[in-house]
Amino acid sequence: MKKFGAEFFGTFWLVLGGCGSAVLAAAFPNTGIGFLGVALAFGLTVLTMAFAIGHISGCHLNPAVSIGLWAGGRFEAKDLLPYIIAQVLGAVAAGGVLYLIASGKQGFTLSAGFASNGYGPHSPGGYSLTAALITEVVMTMMFLLVILGATDKRAPQGLAPIAIGLCLTLIHLISIPVTNTSVNPARSTGVAVFAGGWAIEQLWLFWAAPIVGALLGAAVYRFIGCEQA
């Protein structure tokens with residue numbers, strides 16, 4: 001139960017830190033942290049939690065990562081469903097805390113999307129479903145490639161959290177304008193359940209695409225990262 005609790009609180013921190021920065025600080029009040037700040041916030045949540053709970057649960061914080069690590073031979077199937085449940089519950093709990101904080105401001109409304117992921121008219125830059133799908137698949141694939149490589153026993157030891165945190169920062173810098181960046185079904189679910197409406201209707205893509213991307217990333221690393229006989 002300790003590792004499932006670690007995943008709950010780790011994912012809670014990711015959503016509260018990342019989505020919280022987007023909802024509360026990105027445009028505060030006229031000048032805020034912007035896309036760069038939000039991207040850095042997401043990277044910092046993973047970086048800090050990797051050091052805090054990596055030795056307890058592996059610090060997945062993401063159903064797609066758990067599935068990718070399983071496909072890559074780094075994670076046992078018996079823990080897959082409990083990890084995903086803990087991650088989603090942690091994300092929804094963080095979404096609830098963020099809602100309580102954000103709704104304390106006069107004039108707050110969920111119509112801005114509450115940091116939800118979307119495509120078409122709900123993409124920050126108006127990108128199509130196809131563009132969103134490609135973005136989420138490719139970004140998650142590269143995320144898994146970095147995770148598997150950085151945590152390989154042949155990689156420099158102790159530096160994996162830095163590489164993974166910076167990778168997530170870079171992913172956000174690339175893809176916030178396209179989908180508001182998911183690469184994490186739990187992160188998407190945690191705020192979509194409060195935003196409702198279109199955010200729930202489009203949530204399928206932010207489960208399907210990251211999982212496909214994670215499986216592709218695992219396959220690529222199995223090909224390029226396997227040790228020579």
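The values are calculated or read from the model by the stated rules, or taken from the named source; none is laboratory data. Note that the structure is predicted; figures quoted are calculated from it, not measured. Positions of Cβ are generated from backbone atoms using ideal geometry, with glycine treated the same way; all protein chains shown enter the neighbour counts. Remember, those area values only see protein heavy atoms, side chains included, never the ligands or the DNA or RNA. Shrake-Rupley method; radii C 1.70, N 1.55, O 1.52, S 1.80 Å.
Some notes on this structure:
- Here the simple spin-label model places points 7 Å from the Cα toward Cβ, and for Ile174 and Ala25 these points are separated by 2.5 nm.
- Multiplying the residue separation of Thr130 and Leu159 by 0.36 nm and subtracting their alpha-carbon distance yields 6.9 nm.
- In summary, the lysines within cross-link reach of Lys2, defined as a Cα separation below 21 angstrom excluding same-chain residues under 8 places away, comprise Lys78.
- Set of lysines near Lys153 by C-alpha distance (under 20 Å), chain-local residues within fewer than 8 positions excluded: none
- Helix 160-179 axis, angle to the chain major axis (alpha carbon atoms, nearest 10°): 40 degrees
- When Rg and Dmax are taken over the Cα atoms of segment 1-105, they come to 14.8, 48 Å.
- Of the peptides 26-33, 94-101, 144-151, 81-88, the order by per-residue mean of other Cβ atoms within 10 Å, starting with the highest, comes out as 144-151, 81-88, 94-101, 26-33.
- With Cα atoms, 0 to 90° folded angle of helix 185-195 axis to the chain main axis: 10 degrees
- Put simply, when 114-122, 184-192, 35-43 are sorted by average Cβ atoms within 10 angstrom per residue, most first, you get 184-192, 114-122, 35-43.
- In this structure the chain gives 46 Å² per residue of accessible area when probed at 1.4 Å with all protein chains present.
- Using the Cβ-Cβ distance between Ala219 and Phe35 with R0 set to 41 Å, the FRET efficiency from 1/(1 + (r/R0)^6) comes to roughly 0.85.
- Centroid-to-centroid, using Cα positions, segment 171-229 and segment 1-22 are 16 Å apart.
- Accessible carbon and sulfur surface of the chain relative to its total accessible area, %, 1.4 Å: 71 percent
- As a rough guide to protection, the peptides 213-221, 44-52, 13-21 ranked by mean Cβ packing within 10 Å, highest first, stand as 13-21, 213-221, 44-52.
- For segment 104-229, Kirkwood radius (reciprocal of mean inverse C-alpha pair distance, Å): 15.5 Å
- Under 20 Å from the Cα of Lys3 - aspartates and glutamates, other chains or at least 8 residues apart: Glu76, Asp79
- Modelled FRET efficiency - R0 25 Å, Arg74 with Ala208, Cβ distances, 0.05 increments: 0.65
- Residue-span extension gain [Ile101 to Asp152] - 0.36 nm each, minus C-alpha spacing: 14.4 nm
- Across the chain, the relative contact order, built from alpha-carbon pairs under 8 Å that are at least six residues apart, equals 30 percent.
- Backbone HN-Hα couplings from phi across segment 121-126 [Karplus 6.51/-1.76/1.60, Hz, Gly and Pro as x]: x, 9, 7, x, x, x
- Where Rh is the Kirkwood radius over Cα pairs, Rg/Rh for the chain: 0.96
- Neighbour cut-off at most 12 other Cβ (10 Å), DSSP loop, GluC sites (Glu not before Pro), segment 132-229: Glu227
- Coordinate range along principal axes, alpha carbons of segment 1-51, Å, largest first: 44, 16, 10
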